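Accompanying notes for the structure given below.
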Amino acid sequence: MTRKNRLKLFKFIYGICKNYECHVYRINGVSDHIHIVLSIPPKVAISALIKEIKSSSSGFIRKERLFKNWMGWQKGYFLGSYAAEARDNLVAYVKKQETHHGEMNELEKESYHDELVRLLGEHHIPWDEVYLE
């Protein structure tokens, strides 16, 4: 996903989340993944929301030709919960994705896979490599 058109995608995803009555705190991402910090009402099935985000945004990307050679989202997704007290730190982390993933400085680059493995380890969450493909 090129930097040029990411904002259009994030606005589109924001609209989907609002339609599901979610409160969106931050959406950001880099070339190979996005992060969304939001509160989801109890009446919303998380899998339904993710399915809608992925399918609708994929259609939007193709229709608007936002990203050349768009092949679609990965099969799965990672979703984590957070304590309300941690929200500000999480929003700040997501806000700095371009810097964090080296889009501002190639020397500091961390892949999506490496980021996910690091975060799972930091929070002592067991995982299996087969689910990270």
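The values are calculated or read from the model by the stated rules, or taken from the named source; none is laboratory data. It should be emphasised that the depicted structure is a prediction, and the values quoted were computed from it without experimental measurement. Backbone-built Cβ (ideal geometry, glycine too); neighbour counts: all protein chains shown.
When the stretch 56-69 is filtered for residues that are loosely packed, with under 13 Cβ neighbours inside 10 Å and either touching a strand residue (DSSP E or B) at 6+ places or on another chain (Cβ under 7 Å) or within 24 Å of residue 113 (Cα to Cα) (or both), the ones remaining, listed by number, are 68, 69. Keeping to the stretch 25-44, report how many residues are within 13 Å of the chain's Cα centre (by Cα) and either surrounded by fewer than 16 Cβ atoms within 10 Å (Cβ to Cβ) or within 19 Å of residue 98 (Cβ to Cβ) (or both). Within the stretch 25-44, residues that are within 13 Å of the chain's Cα centre (by Cα) and either surrounded by fewer than 16 Cβ atoms within 10 Å (Cβ to Cβ) or within 19 Å of residue 98 (Cβ to Cβ) (or both) number 13. Is it the case that the stretch 49-68 has a residue that's basic (Lys, Arg), at pLDDT below 80 and outside any helix (DSSP H, G or I)? For the stretch 49-68, residues basic (Lys, Arg), at pLDDT below 80 and outside any helix (DSSP H, G or I): absent. Against the criterion of being touching a Lys or Arg at 6+ places or on another chain (Cβ under 9 Å), of a type in the set (Val, Ile, Thr) and without any contact (Cβ under 8 Å) to a residue 40 or more places away in the chain, residue 34 qualifies. Can you say whether residue 50 is among the aliphatic types (A, V, I, L, M), under 23 Å from residue 116 (Cα atoms) and under 13 Å from the mean Cα position of the chain (by Cα), as far as the supplied structure shows? Considered against the rule, which asks whether it is among the aliphatic types (A, V, I, L, M), under 23 Å from residue 116 (Cα atoms) and under 13 Å from the mean Cα position of the chain (by Cα), residue 50 comes out as yes.
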